[in-house]
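One structure is given here, and the rest of the page talks about it.
The values are calculated or read from the model by the stated rules, or taken from the named source; none is laboratory data. Because the structure is predicted, anything quoted here is derived from the model rather than measured. Positions of Cβ are generated from backbone atoms using ideal geometry, with glycine treated the same way; all protein chains shown enter the neighbour counts. The protein model used for the area step is the full one, side chains on, heavy atoms only, and it has no ligands, DNA or RNA in it. Shrake-Rupley method; radii C 1.70, N 1.55, O 1.52, S 1.80 Å.
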Amino acid sequence: MGAVAAHILRSTITLSHAIHIDGSPTCFVQAGGDTVLRAALRAGLGFPYECNSGGCGTCKFDIVGGEVHVLWPEAPGLTERDRRKGRQLACQCVATGELAIKVRTDPEYVPRILPRRHRARLIATADVTHDIREFRFATENAAEFLAGQYASLVIGGVDAPRAYSMSNLPNEQGEWHFQIRKVHQGQATTRLFHALQIGDEVEIDGPYGLAYLREDNPRDIVCIAGGSGLAPMVSITRAAAAAGLLGTRKLHFFYGGRTPSDLCGEPFLQELAGFGDAIVYHCVVSDGASAKAIDWSGNVGFVHEWLPRLLGGDLARHEFYFAGPPPMTQAIQEMLMVTHRVPFQQIHFDRFF
Ligand SMILES: Cc1cc2nc3c(=O)[nH]c(=O)nc-3n(C[C@H](O)[C@H](O)[C@H](O)COP(=O)(O)OP(=O)(O)OC[C@H]3O[C@@H](n4cnc5c(N)ncnc54)[C@H](O)[C@@H]3O)c2cc1C
Ligand code: FES
């Protein structure tokens, strides 16, 4: 695309455009370069979504009239069939003028806290493991989110925002803590780990996500983190302890890592009242050879295999929260729903695409 055409496109997508939902009186405004999805959520609509990152396909919609600019044409959330039918991902496109779309909104997706953009400054970092580091940012306004939710970070020099889950609790001081795993040659994580300095700024846009702690049911809680899925499970455990939920219920925290040196999470739980009693930590290592090499005597295998053994009894007595790589979340979901008949409403998860 030539420089003039690119400038015209940039101007059209940063203007405000009305988006109508076909067959309903609902209309919302896309402004400030938002995607269709973010504009809908900022307007308080229940637009279906999960990852906000082009991976899951939950935000698919059909265009009835008007045009969009697609940010990531190869996004894996669309199948070839979707592309042939002209379907779009609301999290990966921006209206370039007035738009009419077909989508089925659902009250389940209505944001409990409307997402907002904040300028944020890096205030501290600390290593959690050899490849996971906690990054703490501060914003001028309060950090408003539900435990288990994530935010989208716009990082200078990275061509698209990346989603990261908060590990702390919402707070008036405006602190947002993220526990981020370094990805080999990953664009965002290379910037975060090797270029970002204390005092540098990023944009935090959030909160997003539906895998947040449900406080008002009496079931025991199970949190399962695989690899980089640590942060939201730490946040949920902290919130359950802070809300006094663990006086009458138990919380089982599972961490699945590849090798013993990947294991983490326990020190965050040890700071909480009820650790070792109401809060129980379990860990599993998937690479048997690395465990054998250091005579590690803990559990070896996949976390979804150990879960029924360690929990025992009827799994449907629990409320499940989990986060991590898609193959792990898929295996846990199948085990819970197919093998153990846990109702879908008791299962809350984020796939980290
Ligand atoms: C809901 C959610 C929560 C997450 N929470 C955490 C967390 O708490 N901790 C953690 O370590 N990781 C988390 N992740 C993963 C994180 O967002 C990044 O995928 C990961 O850090 C790798 O980023 P990278 O840029 O270093 O790697 P890359 O390999 O450079 O990028 C990987 C990801 O970037 C996105 N991407 C790539 N190209 C494009 C493009 N052209 N346009 C738009 N997007 C693109 C895709 O989502 C892809 O999976 C989360 C992901 C999701 C979806
Ligand atoms: S929310 Fe758009 S692909 Fe996941």
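Numbers at a glance
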quantity	calculated
Some residue of segment 148-159 being out of contact with any Asp or Glu (no Cβ under 8 Å at 6 or more places or on another chain), closer than 28 Å to LEU272 by Cβ and assigned to a strand (DSSP E or B)	no
Tabulated pairs, segment 60-79, first in the same structural domain as GLN92 (by TED's automatic domain parsing) and farther than 20 Å from GLU50 by Cβ, second open to solvent by 60 Å² or more (accessible area, probe 1.4 Å) and not hydroxyl-bearing (Ser, Thr, Tyr), C-beta under 6 angstrom, 6+ apart or interchain	VAL64/ASP22; VAL64/LYS102; GLY66/GLU98
Boolean, ALA142 is closer than 18 Å to PHE28 by Cα and either open to solvent by less than 60 Å² (accessible area, probe 1.4 Å) or at pLDDT below 95 (or both)	no
Exclusive hit being open to solvent by 80 Å² or more (accessible area, probe 1.4 Å), within 16 Å of ligand 1 (Cβ to nearest atom) and either under 23 Å from the mean Cα position of the chain (by Cα) or within 24 Å of PRO107 (Cα to Cα) (or both), set PRO48, PRO76	PRO76
Residue satisfying condition, being surrounded by fewer than 19 Cβ atoms within 10 Å (Cβ to Cβ) and within 20 Å of ASP200 (Cα to Cα), within set ARG112, ARG84, ARG119	ARG119
Of the criteria (1) surrounded by 14 or more Cβ atoms within 10 Å (Cβ to Cβ); (2) touching a strand residue (DSSP E or B) at 6+ places or on another chain (Cβ under 7 Å), which one GLY298 fails	(1)
Those residues of segment 176-198 which are out of contact with any Lys or Arg (no Cβ under 6 Å at 6 or more places or on another chain), closer than 19 Å to ALA124 by Cα and of a type outside the set (Val, Ile, Thr), in sequence order	TRP176, PHE178, GLN179, ARG181, LYS182, ARG191, LEU192, HIS194, ALA195, LEU196, GLN197
Any hit, segment 121-128, residues being outside any strand (DSSP E or B) and under 30 Å from THR259 (Cα atoms)	yes
Residue in segment 196-208 that is closer than 18 Å to PRO326 by Cβ and touching a residue at least 12 places away in the same chain (Cβ under 8 Å) present	yes
Of all residues in segment 51-68 being within 27 Å of PRO207 (Cβ to Cβ) and away from ligand 1 (no atom under 13 Å from the Cβ), the one that is surrounded by the fewest Cβ atoms within 10 Å (Cβ to Cβ)	LYS60
Considering residues of segment 210-236 that are over 28 Å from HIS130 (Cα atoms) and in contact (Cβ under 8 Å) with a residue 40 or more places away in the chain only, the residue most open to solvent (accessible area, probe 1.4 Å)	ARG219
Any hit, segment 58-66, residues being under 15 Å from ALA40 (Cβ atoms) and polar (S, T, N, Q)	yes
The one condition in (1) out of contact with any helix residue (DSSP H, G or I) (no Cβ under 9 Å at 6 or more places or on another chain); (2) within 22 Å of ARG162 (Cα to Cα); (3) more than 13 Å from ligand 2 (Cβ to nearest atom) that CYS27 fails to fulfil	(2)
